[in-house]
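Only one structure is covered here, and it is reproduced in the block below.
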Amino acid sequence: MPSPDSPKIHYDAIVIGAGIIGCAIAYAMARKGCRTLNVDTLPAAGYGSTSSSAAVVRTYYSTLDGTAMALEGYHDWKNWQNCLGMEDQDGLARFVETGTLVMKTAANNYLERVLKHADTLGIAYEHWSAEKILERMPGYNLECFAPARKMDHDDFGTPTGGEIRGGVFFTAGGYVDDPQLAARNLKDAASRHGAHFRFNTSVVKIPVEDNRVTGIVCADGSQFRSGIVINVAGPHSGKVNGLLEGDPGIRIGHRPLRQEVVQIKPPERLGYSREGLIVSDSDIAVYLKPGSGGQLMLGSENPPCDPPLEEDPDDFARDLTDRALTYAYRYSQRLPDLGVSQHPVGVADLYDATDDWLPIYDRSDIDGYYLAIGTSGNQFKNAPVAGRLMADLIDYCEKGNDHDVTPFRFPLQNAGHTINTATFSRKRDLTKESSFSVLG
């Protein structure tokens with residue numbers, strides 16, 4: 001371990017964070033021949049919020065660029081072995097293709113905009129009638145309950161009139177069975193191209209000289225030099241920005257928000273399994289996906305009755321609260337046979353979310369300091385694409401282009417679309433088309 005007085009080790013780029021996106025950036029940059037270093041406070045890749053990700057892979061978003069990026073990501077997960085350049089599949093995370101069902105509701109404007117984006121990009125989908133939904137999800141009650149409510153509301157569980165008349169089934173979709181393993185897969189792929197990783201390491205300072213980052217200083221006194229530092233610290237990204245000797249110039253807000261996912265056993269007649277449908281139901285503001293052992297995993301779609309709760313990423317409780325119990329009871333409106341335990345099990349963690357729930361993939365006001373933040377909750381599926389986007393965006397900026405004036409445009413090979421990366425700018429106004437939820 002180098003001492004404070006030893007020569008400072010130089011890298012082409014330093015990545016702060018080794019979650020799924022930090023490892024994807026390292027992989028993309030290492031493939032370009034860059035000598036990279038990822039530092040992370042945790043003991044291994046994917047140990048932070050990545051490990052708590054639902055790891056859903058879907059091809060519908062509220063914006064066209066978001067939809068195109070998700071479609072590109074789907075192709076990466078579908079061909080994960082090729083994406084990593086591996087000769088065999090041993091030890092790789094598995095993409096389980098289940099398809100995704102989205103209920104047509106007033107809250108999502110009956111998917112009008114979502115389907116417009118799908119048609120633009122040639123994404124396949126099927127319109128499902130209420131009868132088709134009941135055929136695939138036996139025991140469902142398709143009465144409307146919107147707006148979503150908390151358990152203690154006097155009208156909780158009371159239908160509000162009308163029924164869900166159908167949904168849209170997207171064939172391209174599913175989930176990754178082990179998100180932490182997926183991050184390790186990317187870390188190993190990056191290492192094969194010469195990337196370095198340093199775990200159990202806390203950054204305490206990001207020095208700046210003449211408006212250019214010069215590297216990082218770590219808590220143990222180690223110093224590493226680089227003219228490029230990338231903040232990919234997830235829920236800690238705000239604290240990392242505070243270590244920078246300068247203002248990164250972020251105009252849109254981002255903060256670590258508490259998220260809980262409850263795991264529950266479905267009734268047998270639902271016939272749910274690891275290959276079960278992923279369902280988004282904005283009428284009750286709950287999504288569900290397969291969990292281990294044939295369990296259901298239920299999370300919130302962030303309606304007004306589930307207000308954002310900001311937490312300190314270094315000091316928060318991982319026990320489930322009444323929030324998780326509320327999600328289970330809201331889903332029991334749709335599935336009355338569901339047995340809800342008063343002592344639920346599941347996952348409580350933090351998402352680093354922006355004010356419009358779209359990520360920030362951008363440079364900063366400090367030369368060489370880059371941002372891949374605000375990504376928690378809906379960017380796991382896009383991680384391989386985000387890695388390539390950031391690597392190319394950094395190339396674009398480091399060659400002297402003024403990204404703030406003429407934003408980098410990123411072509412997507414499989415989606416047949418070019419992203420205007422101003423969509424992900426740190427200086428953007430709120431994206432009016434956003435769902436303002438975990439759905440992005």
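The values are calculated or read from the model by the stated rules, or taken from the named source; none is laboratory data. If you're wondering where the values come from, they're calculated on a predicted model, not measured in any experiment. Backbone-built Cβ (ideal geometry, glycine too); neighbour counts: all protein chains shown.
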Exercise for the section: Please give the strands (runs of 3 or more DSSP E) falling wholly within the range 255-316 in which 1 or more residues are touching a Ser or Thr at 6+ places or on another chain (Cβ under 6 Å). Expected result: 278-281, 286-290
Fill in the blank from the handout: Residue hits (the range 195-216; surrounded by fewer than 19 Cβ atoms within 10 Å (Cβ to Cβ), more than 26 Å from LYS399 (Cβ to Cβ) and not polar (S, T, N, Q)) are ARG198, PHE199, VAL204, LYS205
Practice task
Grab the strands (runs of 3 or more DSSP E) fully contained in the range 171-221, keeping just those with 1 or more residues being over 30 Å from TYR60 (Cα atoms).
Solution key: 196-198, 203-205, 215-218
Problem - Test for MET86: is it in a loop (DSSP other than H, G, I, E, B) and either under 23 Å from the mean Cα position of the chain (by Cα) or not aromatic (Phe, Trp, Tyr) (or both) - result: yes
Exercise for the section: Looking only at the range 226-236, decide whether some residue is of a type in the set (S, T, N, Q), more than 21 Å from the chain's Cα centre (by Cα) and not assigned by TED's automatic domain parsing to the domain that holds VAL102. Expected result: yes
Problem - Selection status of ARG192, crowded, with 19+ Cβ neighbours inside 10 Å and either of a type in the set (Gly, Ala, Ser) or outside the structural domain of ARG113 (by TED's automatic domain parsing) (or both) - result: no
Exercise for the section: Determine whether GLY173 is in contact with a strand residue (DSSP E or B) (Cβ under 8 Å, 6 or more places away or on another chain) and either surrounded by fewer than 21 Cβ atoms within 10 Å (Cβ to Cβ) or not β-branched (Val, Ile, Thr) (or both). Expected result: yes
Handout entry: Verdict on ARG258 being modelled with pLDDT under 95, among the basic types (Lys, Arg) and over 19 Å from SER332 (Cβ atoms)
Key = no
Exercise for the section: Scan the range 318-331 and give yes if some residue there is surrounded by fewer than 19 Cβ atoms within 10 Å (Cβ to Cβ), among the acidic types (Asp, Glu) and more than 25 Å from ILE164 (Cβ to Cβ), otherwise no. Expected result: yes
Fill in the blank from the handout: So, first residue part of a loop (DSSP other than H, G, I, E, B) in the range 115-141, second residue surrounded by fewer than 13 Cβ atoms within 10 Å (Cβ to Cβ), Cβ within less than 8 Å, six or more apart or across chains; the pairs are PRO138/ARG269; GLY139/ARG269; GLY139/PRO336; ASN141/PRO336
Handout entry: Residue match in the range 284-299 (condition: crowded, with 19+ Cβ neighbours inside 10 Å and farther than 27 Å from ILE20 by Cα)
Key = yes
Handout entry: Hey, VAL345 of a type in the set (A, V, I, L, M, F, W, C), surrounded by 19 or more Cβ atoms within 10 Å (Cβ to Cβ), in the same structural domain as PHE169 (by TED's automatic domain parsing) and closer than 19 Å to SER53 by Cβ or not
Key = no
Practice task
Would you check if THR59 is touching a Leu at 6+ places or on another chain (Cβ under 9 Å), assigned by TED's automatic domain parsing to the domain that holds ASP314 and not basic (Lys, Arg)?
Solution key: no
Practice task
Would you check if there is a residue in the range 137-146 being assigned by TED's automatic domain parsing to the domain that holds ASP281 and exposed (fewer than 15 other Cβ atoms within 10 Å of the Cβ)?
Solution key: yes
Handout entry: the range 115-137, residues that are in contact with a Leu (Cβ under 6 Å, 6 or more places away or on another chain) and not hydrophobic (A, V, I, L, M, F, W, C)
Key = HIS117
Practice task
Could you tell me which numbered condition ASP402 fails, if it satisfies all but one of (1) in a loop (DSSP other than H, G, I, E, B); (2) within 18 Å of GLY253 (Cβ to Cβ)?
Solution key: (2)
Practice task
For GLY161, state whether it is at pLDDT 95 or above, exposed (fewer than 14 other Cβ atoms within 10 Å of the Cβ) and either within 22 Å of the chain's Cα centre (by Cα) or in the same structural domain as LYS104 (by TED's automatic domain parsing) (or both).
Solution key: yes
Completion exercise
Only one of (1) under 28 Å from LEU298 (Cβ atoms); (2) part of a loop (DSSP other than H, G, I, E, B) does not apply to TYR74, and that is (2)
Exercise for the section: For the range 378-395, indicate whether the set of residues that are in contact with a Gly (Cβ under 8 Å, 6 or more places away or on another chain), modelled with pLDDT under 95, under 26 Å from SER282 (Cβ atoms) and assigned to a loop (DSSP other than H, G, I, E, B) is non-empty. Expected result: yes
